[in-house]
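Accompanying notes for the structure given below.
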Amino acid sequence: MPKWLLNVFKSIHFYEAVSANLSIIVWHFYNAHLNPDKFPMNWSWLTGKISEEEMIKEHYREWERIKKEKR
């Protein structure tokens with residue numbers, strides 16, 4: 001296999017990795033920061049508290065486990 005072909009494959013792989021990382025960053029930015037349900041931010045990271053409605057909506061299994069433990 002000629003060296004120039006390996007260089008082409010290497011470049012393609014590099015740009016594929018860059019585009020994958022950028023898509024993950026954009027996806028995270030929307031879901032964590034720009035999502036209308038959470039905009040401007042989710043305050044639980046500052047207060048350490050979460051409403052029961054939000055707990056049910058976002059962490060239903062954990063909410064069920066906590067309810068079972070309280071019984």
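The values are calculated or read from the model by the stated rules, or taken from the named source; none is laboratory data. Just so it is clear, the model here is predicted, and its values are computed rather than measured. When we count neighbours, we look across all protein chains shown, and the Cβ atoms used for this are built from the backbone with ideal geometry, even at glycine.
Across the stretch 52-71, the number of residues qualifying as more than 23 Å from residue 31 (Cβ to Cβ) and either at pLDDT 90 or above or assigned to a helix (DSSP H, G or I) (or both) comes to 7. Just so you know, in the stretch 32-51 the residues that are assigned to a helix (DSSP H, G or I) and loosely packed, with under 11 Cβ neighbours inside 10 Å include one that is modelled with the lowest pLDDT, and it is 45.
Can you name every residue in the stretch 1-31 that is at pLDDT below 90 and exposed (fewer than 11 other Cβ atoms within 10 Å of the Cβ)? Outline the logic, then answer.
Step one: list which residues in the stretch 1-31 are at pLDDT below 90, which gives 1, 29-31.
Once the filter is applied, which keeps residues that are at pLDDT below 90 and exposed (fewer than 11 other Cβ atoms within 10 Å of the Cβ), the stretch 1-31 yields 1, 30.
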